[in-house]
Amino acid sequence: MKHIHPFPARMAPEIALERILKMNAGQVVLDPMVGSGMVLAVAARNGIRGIGVDLDPLARLVSRTCSTRIDDSKARSALVQLISRAQMTDPRKICLSWMDDDKETLAFVRYWFGAKQIAQLRALSYHLIERPLLENGRILRVLMVSLSRLIISKEPKASLARDTAHSRPHRTIKQNEFDIFDALPDSLEHVLSALESDKIAVNSRTFLGDGRKLANIRTSSVDAVVTSPPYLNAIDYMRGHKFSLIWFGYRVEDLRRIRTLSIGSERSANAEVAAGFELAAKELALDRLSSRHLRVLARYFEDLSAQLRQTKRVLKLGGSACYVIGNSEIRGISVANNELLKRAGLTAGLSVLSETVRKIPDKNRYLPLPSQVGNALGKRMRTEHVLEFIKAA
């Protein structure tokens, strides 16, 4: 499956497909931490009603776009109109309300983007966000994804940074002649080719929200859950995603707040250690970690427990929940996230049906290969566990 937008550590399509092919038309699959939208994309093409939830606005944008049918010809016409308007717009005479009065966001833009690209991005952002050139939300989202692909990239394109696609941005150039207006048509064609809109049978729904609350999902309304929780101490998605999101109406402060709320973020628990965590820490030999790192792990366990309680609530009786998770490493000590996930599921009242271990093939890895010198991230993400729960009562 081709992807409409770069996204680190996306779920393998075969995992989503295997679960969804077991479902019947009209049934509902939920991904409460939707990420790149792989589950929704597979569901939409197989006649299954998909629902996705994520705190990350870029994840919602990408997942919604990759699972919604559109008219390709309207998208192409809209892009011509967007570029024409942007080229006629003086970037110095427009206001981006979320950016122009925010010193931190402006400083970020001036450090990470060249003068030519700032001018083009301001004009494009004005006609996409501040004063949208059309009311069709589906087409606007396709245009935004096409633009974002030129910002979130491996090599510097619309920004001065390398490896934004891996959420490991570092500035490698000071001058940039990349022309966003010239590159946008090809970027849109990539999105349309990957989307294959005519193959989408059922549009999915997405919500900007917290997988630990699922406020928009009714109790006992979901047939299956298929998801992949963020891996503790693994990937800081927002580090790369903010390069696009600051052009889509968000300030750096807004995105920092979202990051601190996300499951898997390294923050200490505010309350007592979650029930069962002390025992789990001892059994998994995690009590060798410092008290600070143990508090971080306790919060991660609380986050997983809260999310799995919501999964149990929204699942129908007999419904299944498939979780794909990899393990982490803190200060040289292995952290068995799969064991924490199992304990969280049992604490939530779910039963474990099965667990399998899957090696992540190097050819399928979106992150840098583990063979690269000094790539600690690759070394600790060699396998992933596929856990299946069931709501038995």
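Expressed as a whole percent, the accessible surface of region 1-155 that belongs to carbon and sulfur atoms is 50, based on a 1.4 Å probe. Per-atom-type breakdown for region 276-357 gives carbon and sulfur 49% of the accessible area (1.4 Å probe, protein chains only).
Entry comment: accessible area of region 68-115 is 60 Å² per residue, from protein heavy atoms only and a probe of 1.4 Å. For the pair Arg256 and Asp71 in one chain, pulling the backbone fully straight at 0.36 nm per residue adds 63.1 nm over the alpha carbon distance. May I ask what percent, to the nearest 5, of DSSP beta bridges between residues of the chain are antiparallel? Here the share of antiparallel DSSP bridges comes out near 55 percent.
So which of Lys22/Lys342; Lys2/Lys242; Lys2/Lys199; Lys116/Lys157; Lys74/Lys116 end up more than 19 Å apart, counting from Cα to Cα? Walk me through the intermediate numbers first.
On the way: Lys22/Lys342 23 Å; Lys2/Lys242 23 Å; Lys2/Lys199 13 Å; Lys116/Lys157 12 Å; Lys74/Lys116 28 Å.
The pairs that break the limit, which is 19 Å between Cα atoms, are Lys22/Lys342; Lys2/Lys242; Lys74/Lys116.
For the listed peptides 184-196, 90-102, 304-316, a ranking on the average number of other beta carbons within 10 Å per residue, highest first, reads 304-316, 184-196, 90-102.
A straight chain from Lys359 to Asp100 at 0.36 nm per residue would run longer than the Cα-Cα distance by 88.6 nm. Shape class for region 19-118, computed from the alpha carbon gyration tensor (a ≥ b ≥ c): oblate, with a/c not under 1.5 and a/b at or below b/c. Kirkwood analysis of the Cα pair distances in the chain returns a hydrodynamic radius of 21.8 Å. Of the complete DSSP H runs in the chain, those spanning 27 angstrom or more by Cα along the long axis with a mean Kyte-Doolittle score not below -1.0 are 291-314. Computing FRET efficiency as 1/(1 + (r/R0)^6) for Gln81 and Glu14, where r is the C-beta to C-beta distance and R0 is 41 Å, gives about 0.55. Peptides 45-57, 286-298 ranked from most to least packed by the mean count of surrounding Cβ atoms within 10 Å: 45-57, 286-298.
Classify region 124-246 as rounded, prolate or oblate from the Cα gyration tensor: take a ≥ b ≥ c as the square roots of its eigenvalues, call it rounded if a/c is under 1.5, otherwise prolate when a/b beats b/c and oblate if not. Verdict is oblate for region 124-246.
Our helix-only sum for the chain, with -39,500 (n - 2.57) per DSSP H run of n ≥ 4 divided by its residues, gives a mean residue ellipticity at 222 nm of -12500 deg cm²/dmol.
The values are calculated or read from the model by the stated rules, or taken from the named source; none is laboratory data. Just so it is clear, the structure is predicted and the values come from calculations on it, not from any experiment. Cβ coordinates were reconstructed from backbone atoms using ideal geometry, including for glycine residues, and neighbour counts include every protein chain displayed. Surface areas here come from the heavy atoms of the whole protein model, side chains and all, with no ligands, DNA or RNA. Shrake-Rupley method; radii C 1.70, N 1.55, O 1.52, S 1.80 Å.
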